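Just below is one structure, and these are the notes that go with it.
Rule-based calculations on the coordinates, nothing more; no lab input. Only a predicted model underlies this, so the values are computations on that prediction, with no experimental measurement involved. Cβ sites come from the backbone with ideal geometry, for glycine too, and all protein chains shown count toward neighbours.
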Amino acid sequence: MELTEVLSAFEKFDGKYKRDEVTYALEHQEEITPYLIKILKNILDNPEEYITKKDYDAHIYALILLGYFRETKAHQLIIDLFSISDDFIYELFGDIATGNLPIVLFQTCGGSLENIKSLILNKNVPDTSRISAVGSMLYAVADELISREEVLAFLGTLFTGEETAPSSDFWSFIASDICNLCPDEHTFEIIKKAYEDDLIFSGIVGYEEFEEFMELGVDTCLDRNKQNMQQTIPEDIHDAMSWWACFKENEQKTDQLFSTPVISTSSINRKKKPKKKVKNKNLRPKKKKKKKRK
């Protein structure tokens, strides 16, 4: 198998997971990485062109592989790519923009969260990308790259009401992530005021959920957060990708091993926006199902 064959195979979505080609990429990481970066750069330079390319899938493989490779050279490019119009992002990446972006941002950050923080603070970026960036910080906590206390202190500054449009669910999803880390007393006071100011929608994360998680305690919440990272970032990339609903391999699998579904844009209705996420995410006690973020 040649590199050109692999890249060509990645381009066309045909319902089959390109297992052999992904294996080739794993075995030739240094050789293929510049081409994967170039694929994403081409998308960033001309997103309109690639939206019109029916069943184009190379950017999906490129994104996931670069994350798996923990390629720091792709980090800022990925941030820039997910800073374009929200409509373009969803047309190009579908649910991957919410289900996988937090993972990829964490994997490519190279131990520094500064660019991720800047993304979160950037009011010109779609809220979906900013929310995903917040999610990547939870992985950083699980990996002990940053402390829970540091993340809570940072996230606690994002409830002034000036961060985005009043109708946005931005604050609700940040609150959900704070809940999963078990808020300290100071952050909980910020959350209570945010509920009073109608910044947080209780249909996404209810006030009672904060009480539940605080009762669970910090250690339990951090353990759950680490378990979530282990489930959503498997060591084998084939395990992470081959079971996606869009691939025919998935038809043979009745048991799903991981809790964060990711879907190729070629298998979804690109014109349809994702439904509003309801209630807190996968770390809520007794609720394993991952909901979509908006």
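Assorted remarks:
- Listed pairs Lys53/Lys123; Lys38/Lys117; Lys12/Lys73 exceeding 27 Å between Cα atoms: Lys53/Lys123
- Based on the Stokes-Einstein relation at 20 °C and a viscosity of 1.002 mPa s, and on the Kirkwood radius from alpha carbon pairs, region 3-267 is assigned a translational diffusion coefficient of 111 µm²/s.
- Under the Karplus curve 6.51 cos²θ - 1.76 cosθ + 1.60, θ = phi - 60°, whole-Hz ³J(HN,Hα) for region 76-92, x wherever Gly or Pro sits: 5, 4, 5, 4, 4, 5, 8, 9, 7, 3, 4, 5, 4, 4, 5, 4, 7
- Trypsin sites (Lys or Arg not before Pro) restricted to DSSP loop in region 1-33 with at most 13 other C-beta within 10 Å: Lys16
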